[in-house]
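Colleague: Okay, handing you the structure first.
Bear in mind these aren't lab numbers, they're just calculated from the coordinates by the rules spelled out. None of these values were measured; they are calculated from a predicted model. Don't worry about glycine lacking a Cβ; one is built from the backbone with ideal geometry, like all the others, and counts go over all protein chains shown.
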Amino acid sequence: MDELKPCPFCGSSARLIVESAEKSMDCAHEMKIIAKVQCTKCGLLSASRALYTITAAPAQENGVDVRNFDNVAKLIERWNRRV
């Protein structure tokens, strides 16, 4: 997985933020995740957000690495292209 490149405007580091990780009402082991990228200094936000629905075994629900999801990987890729 690619690391986030610095902010294209101020050069500070960026971070991946998971805005929402809520369990689906339809399935006990399904979680909906919304992620974005934000600059830690100037607050610039990614133009897009990643929405992903996952199915995890009960033991994995709290330790899911969202960076491995295709939509989140594409979000990071789009952020990194702006630099």
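Colleague: If you take the beta carbon distance between K32 and F9 as r and set R0 to 41 Å, what does 1/(1 + (r/R0)^6) give as a FRET efficiency, to the nearest 0.05?
Modeller: 0.85
Colleague: Amide H to amide H, which residues 5 or more places from R82 or on other chains are under 5 Å from it, using H placed in the peptide plane?
Modeller: It is none; the list stays empty.
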